[in-house]
Amino acid sequence: MRGVSTDAAALFASADQTAEFILLLGVAMIAGLAQRYLRACFWRPNDDERAFLSEHMPSLDRASARRLTQAGEWRDVAPGRVLAREGEASDNLIFLASGAVEATREGAVVQIYPPQSFVGEQSRLTGEAANATCEVVSEARCFLVRADALRRLTKGDARIRHALDRALVQDGLRKRMAADGRQGMRVEDDATAALARVTWRDRRVFALPAFG
């Protein structure tokens, strides 16, 4: 009987330790969630971030918006800096807030990217190498998210992934229409078709209209 009592006491002690561990784990998880919530509540975007988010990422909640902006950095970029090179992978996210970027293909200028544009959006969407070299031609202000940080963000936060896909698609289509000098939209080449497929795939998520 004494042995049974000893075994029972050990069993109860073990159960108490397990319950204590589960309780501490639950408290730690709640504390972590509360910390992230408070960070999102008290986070205030700067002027550059506010303009970027309101214009291009309006669907993001505060927590996702904070994660996106804090994963990158704002830089002042001098003329002559190459942001993407033709034929090379360009996985970084680059947003041009001010200034201008010249896109050249085989040495010929194909487009000038104005402020409020993404650089290398087609490569980011399709996973293919950049189809043009993009060089800063006037003093620029850019937001940069490195490829590894961007992969972690889009893998861990579906809101960021969907909002980013939508923003890149819309930006690519605006550039295409500006380059073609058309008000309408016709899918005529592989690059534009790739963008269109992304939009069609996510049109329910984004509530976008179908192409006419």
**OP:** Tell me which residues come under 5 Å, amide H to amide H, from Val77 once H is placed; ignore anything under 5 positions away on its chain.
**Re:** Ala140, Arg141, Cys142
Subject >> Estimated vicinal HN-Hα couplings, Hz - region 60-69 in sequence order (Karplus 6.51, -1.76, 1.60; Gly, Pro = x) >> reply: 6, 7, 4, 5, 5, 4, 5, 4, 5, 5
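Read-outs throughout are calculated quantities, based only on the coordinates presented, and are distinct from any laboratory measurement. Note that the structure is a prediction, hence the values are computed from the model and not measured.
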